[in-house]
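The values are calculated or read from the model by the stated rules, or taken from the named source; none is laboratory data. All values reported here derive from a predicted model rather than from experimental measurement. Cβ placement follows ideal geometry from the backbone for every residue including glycine, while neighbour counts extend to all protein chains displayed. Accessible surface areas use protein heavy atoms only, side chains included; no ligands, DNA or RNA. Shrake-Rupley method; radii C 1.70, N 1.55, O 1.52, S 1.80 Å.
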Amino acid sequence: MGKVHISESPIDAWGEITSLLQSSRRIGALVTFMGVVREISEGKEVERLFYDHYPEMASNALNRIRKEAISRFGLIDATIIHRVGEARIGDLVLLVIVASEHRSEAFKAVEWIVDEVKKEAAIWKKEYFKDGEYRWVEPERGDLDERIE
C-alpha cells in the first residue's frame, strides 16, 4: 500500500518496495527513485547534510503531490518518503516508488514527483562541508511540465 511519510529514521527501501509491490496484482511496472547523500557538491567535499522542515506544510505538499501523480499518470499507487534531520554520505534521503500497469507512465511519474517534491515540499537542505563551511541550498523552482508532455 502506497503512502507518504516524513522520517527521522533511516528509510527501509526494500521493505517499502515489497509492500507496494504486494498491494495489487495489476502492477506491471514498479519504478523507484532513491536520492542519496553524495560526497561532493559544487566541487566541495560534503561532511553531512541536515534537512529541516515545516511538518504540516511538508506533509500536505507530499500528500498533494502523491494524489496528483496518481491521477495525472493513471498510477495504481505511489509512495513518497523523505528523511529529515542529519544525514551522512551514502544515506538514503528521498524514496519515491510508483506502481502502474505500464512502464512509460511509471517513469514519467517518478520524474514528475521528484521535481515537485524539490519545488513544493517545505523541506530545506543545509550542507556541511569538510572545510567547516556550511550553506542552505536554495529550493529548485520553475515550471517543469513541458518536459513531461
Extreme residue, most open to solvent (accessible area, probe 1.4 Å), among residues of region 113-136 that are of a type outside the set (Phe, Trp, Tyr) and part of a strand (DSSP E or B): Arg135
Val110 being in a helix (DSSP H, G or I) and in contact with a Phe, Trp or Tyr (Cβ under 8 Å, 6 or more places away or on another chain): yes
Checklist (1) surrounded by 13 or more Cβ atoms within 10 Å (Cβ to Cβ); (2) farther than 19 Å from Arg103 by Cβ applied to Ile40, failing item: (1)
Condition test on Ser19, is it open to solvent by 60 Å² or more (accessible area, probe 1.4 Å), hydroxyl-bearing (Ser, Thr, Tyr) and either outside any loop (DSSP other than H, G, I, E, B) or in contact with a Gly (Cβ under 7 Å, 6 or more places away or on another chain) (or both)? no
Any idea how many residues of region 74-85 are out of contact with any Lys or Arg (no Cβ under 6 Å at 6 or more places or on another chain) and either open to solvent by 10 Å² or more (accessible area, probe 1.4 Å) or over 24 Å from Ser41 (Cα atoms) (or both)? 6
